[in-house]
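Just below is one structure, and these are the notes that go with it.
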Amino acid sequence: MNDRLPPPRIRLAHPDVGDEEIEAVTRVLRTPVLTMGPETEAFESEVAAYHGTGHGVALANGTVALIALFDSLGIGRGDEVIVPSLTFVSTVTSLVYAGAKPVFADVDPETFCVDPAAVERLVGRHTKAILAVHYGGQPADLAELATIATENRIVLLEDAAEAHGATYRSRHIGTWGAAAMLSFTPTKNITTGEGGMILTDHEDLARRLRLVRNHGQTAPYEHSFLGCNWRITEMQAAMGRAQLAKLDAILARKRALAAELDGLVSAIDGVEAPMVRPDRDHTHMLYTVRLATDAPGRDTVAHEMALRGIETKVYFPPVHRQPLFARTPQGAAAEARLAVTNDLAGRILSLPIHSRLTSGELAEIAGALNESMRAGRAAGVVSRSL
Ligand SMILES: *Cc1c(COP(=O)(O)O)cnc(C)c1O
């Protein structure tokens, strides 16, 4: 696999940024207020209003937003939080930063979101919360998870980093648990370069988060508890407002592209298009296909795609297999327990999806995938997760 690869002609993601964002940032730069000002307040209330939550608290990025959230909820040492392993690493490392212990739960083989039955089995004496992840932009089973949380008197939290604007049973994500996190890194559907937000209906929690992100400062130079500098800039907030105004158009465009891609990839032997449950919508931050159990090796297929100039990625190598966790008791227990996650780890592949793709490029992606599957079969390597 040492062939020199061409730079990708079709990239996985591309931020949808234009004159509106440039003008918004420029507007801020002509004022003296570059942090914690009117743009941040407006960004927070506009994102919260969009999702139907009482409050939004913007932070420097999604990862520290989660750390601040756990801290504000008193989730820390001695507490367990149930999380999927098929997620970005910081869903879990943010918990570790807060001092809490992640307990890895298996996922649904079709939506790749955490499986409520698996979650229920793992609830124990030390469980404080369930942190559900809306994989790739499709909401997890929020009603079932909310019921489990209520019955066990634990908290449901949403890692909605990938799911801005998604709905579940006609209600937006962010309204189902005690709080939800959004991220605005450049691969997400809307971006501020870096940025994050916590959505919540709880006023006390929002107030606490605002203090934690600003050194626990309760009055000028009075620091009542431990906080940090996790503020967002006015430039980012202004950019975020311009992005939010485009969110519906971006989501509509991505849904249309995903529907078109579904038709193309489903026609390829051994490739399964993403599954979308009828009671929720998918915002397609990712477009992840699953290769059939008898398909060629996923890594071979990914390499063949790269040779054809199409960028693909594995979202995500399971967190419990990361060196950071693999040798811990939680990592070892997860390796033995997470049959679906371990199986998917060898079979999933995310294809390019972003609002600027054209139908011609979708056809190229599908054409390359078809050829890559054939090349893989010819090489005689059959996919198996190790
Ligand atoms: C992107 C992402 C994060 C991290 O957000 P940052 O803003 O990059 O810190 C956390 N969880 C999930 C599921 C993500 O996709």
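Derivation of every value follows stated rules applied to the coordinates shown; laboratory data play no part. Note that this is a predicted model, so its numbers are computed, not measured. With ideal geometry, Cβ positions are generated from the backbone for all residues, glycine too; neighbour counts draw on all protein chains shown.
Can you give the convex hull volume of the alpha carbon atoms of the stretch 44-122 per residue, in Å³?
Details: hull volume 9.3 nm³, N = 79.
It comes to 118 Å³ per residue, whole-number rounded.
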**Request:** Using the Karplus curve 6.51 cos²θ - 1.76 cosθ + 1.60 with θ = phi - 60°, work out ³J(HN,Hα) for each residue of the stretch 329-346 in order, rounded to whole Hz, and write x for Gly and Pro.
**Result:** x, 5, x, 5, 5, 5, 4, 7, 9, 8, 4, 5, 4, 4, 5, 4, 3, x
**Request:** Taking every pair of alpha-carbon atoms in the stretch 108-252, give the share separated by more than 19 Å as a whole percent.
**Result:** 59
**Complete:** Kirkwood calc, the stretch 272-324, C-alpha pairs only, radius in angstrom 13.4
**Request:** Name the residue, out of D141, D279, D71, whose mean-square fluctuation peaks in a Gaussian network model built on the chain with Cα pairs under 10 Å.
**Result:** D279
**Message:** Can you tell me what percent of all Cα-Cα pairs in the chain are more than 38 Å apart?
**Reply:** 19
**Request:** Specify, per residue and in Å³, the volume enclosed by the convex hull of the alpha carbon atoms belonging to the stretch 331-376.
**Result:** 102
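When only Cα pairs under 8 Å and 6 or more residues apart are kept, what is the percent relative contact order across the chain? Please list the in-between numbers first.
On the way: 836 pairs, mean separation 87.0, N = 386.
Contact order relative to length: 23 percent.
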**Fill in**
Note on the chain, DSSP bridge orientation, antiparallel percent to nearest 5 equals 60
**Request:** Only helical DSSP H runs with n ≥ 4 go in: add -39500 (n - 2.57) per run for the chain, normalise by residue count and round the 222 nm mean residue ellipticity to 500 deg cm²/dmol.
**Result:** -12500 deg cm²/dmol
**Message:** Springs between alpha-carbon pairs under 10 angstrom, Gaussian network model over the chain: which of D159, D201, D19 fluctuates most?
**Reply:** D19
**Message:** Given a 10 angstrom Cα cut-off, can you work out which residue in F225, F104, F316 is the most mobile in a GNM of the chain?
**Reply:** F225
**Complete:** For the stretch 202-322 (alpha-carbon point model, no solvent) the Debye-based log₁₀ I(q)/I(0) at q = 0.17, 0.22 Å⁻¹ works out to -1.02, -1.27
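Which trypsin sites (Lys or Arg not before Pro) from the stretch 112-171 combine a DSSP loop assignment with at most 16 other Cβ atoms within 10 Å? The partial results should precede the final answer.
Working: sites: R121, R125, K128, R153, R169, R171; in loops: R125, R153, R169.
Answer in residue order: R125, R153, R169.
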**Item:** Size of the stretch 246-285 as Cα extents on the principal axes (Å, biggest first)
**Value:** 36, 20, 13
**Asked** Hey, how many Å between the Cα centroid of the stretch 292-365 and the Cα centroid of the stretch 97-167?
**Response** 21
**Item:** Where labels lie 7 Å past Cα in the beta-carbon direction, separation of R125 and A378 in nm
**Value:** 6.1
**Request:** First measure r as the distance between the Cβ atoms of V33 and H223, then evaluate 1/(1 + (r/R0)^6) with R0 = 30 Å and state the FRET efficiency to the nearest 0.05.
**Result:** 0.85
**Sparse-neighbour loop sites [trypsin sites (Lys or Arg not before Pro); the stretch 286-379; at most 10 other C-beta within 10 Å; DSSP]** = R327
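Would you mind ranking V107, V57, V17, V33 so that the residue whose beta carbon has the fewest other beta carbons within 10 Å leads the list? Each step should come with its number before you reach the end.
Values: V107 24, V57 28, V17 17, V33 12.
Ascending Cβ contact count within 10 Å gives the list V33, V17, V107, V57.
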**Asked** Using the scaling law 2.2 N^0.38 Å as the reference, what is the normalised Cα Rg of the stretch 256-386?
**Response** 1.12
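Remind me, relative contact order of the stretch 248-310 in percent, using alpha carbon pairs under 8 angstrom and six or more residues apart?
Details: 38 pairs, mean separation 18.6, N = 63.
The value is 30 percent.
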**Prompt:** Just going by the charge dipole of the chain, with Lys and Arg at +1 and Asp and Glu at -1 on Cβ, which of T63, A326, L199 is farthest out on the positive end?
**Reply:** A326
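Hey, fewest Cβ within 10 Å first, where do V89, V28 land in order? Spell out each step's value before the answer.
Details: V89 16, V28 20.
The order, fewest Cβ neighbours first, is V89, V28.
So how strong a dipole does the stretch 1-150 carry about its Cα centre when Lys and Arg Cβ are +1 and Asp and Glu Cβ are -1, to the nearest 20 debye? Present the calculation step by step, with values, prior to reporting the outcome.
Working: 10 positive and 20 negative charges, 121 e Å.
Magnitude of the dipole: close to 580 debye.
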**Message:** Give me the mean projected area, in nm² to one decimal, of the convex hull enclosing the Cα positions of the stretch 1-105.
**Reply:** 11.8
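Provide the gained length on full extension for the span L324 to A267, in nm with one decimal, where the gain is 0.36 nm per separating residue minus the Cα-Cα distance.
Details: separation 57, 0.36 × 57 = 20.52 nm, distance 3.93 nm.
Roughly 16.6 nm would be gained on extension.
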**Asked** Where the only charges are on Cβ atoms (+1 Lys, Arg; -1 Asp, Glu), what is the dipole of the chain about its Cα centre, to the nearest 20 debye?
**Response** 680
**Request:** Kindly put T288, T185, T328 in sequence by how many other C-beta atoms sit within 10 Å of each C-beta, fewest to most.
**Result:** T328, T185, T288
**Prompt:** If you project the alpha carbons of the stretch 310-356 onto their three principal axes, what span does each projection cover, largest first, in Å?
**Reply:** 44, 20, 16
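Out of all DSSP beta bridges in the stretch 121-275, what portion is antiparallel? Express it as a percent rounded to 5. Mind showing how you got there, number by number?
Details: 10 of 18 bridges.
Counting DSSP beta bridges with both partners in the stretch 121-275, the antiparallel share is about 55 percent.
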